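What follows is one structure encoded as structure tokens, with my remarks underneath.
Readers should treat all values here as calculations from the given coordinates under stated rules, not as data from a laboratory. Computed from a predicted model, the values in this text were never measured in an experiment. In this analysis, Cβ positions are derived from the backbone assuming ideal geometry, glycine residues included, and neighbour counts consider all displayed protein chains.
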Amino acid sequence: MSKKYSVDLKLKIVQEYLQGIMGARVLAKKYDVSSKSLVTKWINQYKQFGEAGLRHQITKQHYPLNFKLDVLRF
């Protein structure tokens with residue numbers, strides 16, 4: 001199961017990175033983030049969309065029962 005990180009933590013990590021004190025790998029270890037690539041992803045999202053890029057939530061698509069039954073019939 002994947003670990004979820006708060007927006008505040010993501011923002012703190014990105015800001016430390018942008019200050020140039022530590023790299024993505026060191027920050028991932030410091031804050032117990034699962035991978036350097038995840039930190040890099042947050043940095044890129046922040047650069048492109050600002051703080052809103054760190055708030056992005058992926059929601060699952062929900063389908064009504066009738067739609068699911070129609071799909072099964074084919």
Charge dipole (the chain, unit charges on Cβ, about Cα centre) - positive-most of 63, 50, 18:
63
The chain: relative contact order in percent, alpha carbon pairs under 8 Å with at least 6 residues between
24 percent
Can you give me the distance in nm between label points at residue 65 and residue 4, each placed 7 Å from the Cα along the Cα-to-Cβ direction?
2.7 nm
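Magnitude of the Cβ-charge dipole of the chain, K/R +1 and D/E -1, about the Cα centre, nearest 20 debye?
200 debye
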Test of understanding: what is the full-extension gain from residue 73 to residue 36, defined as 0.36 nm times their sequence separation minus their Cα-Cα distance?
8.8 nm
Computed [θ] at 222 nm, helices only, for the chain once each DSSP H run of length n ≥ 4 contributes -39500 (n - 2.57):
-17000 deg cm²/dmol
Taking 0.36 nm per residue of sequence separation and subtracting the Cα-Cα distance, how much length would be gained by fully extending the chain between residue 21 and residue 48, in nm to one decimal?
7.6 nm
Can you report the principal axis dimensions of the chain using only the alpha carbons, biggest first, rounded to whole angstrom?
58, 25, 19
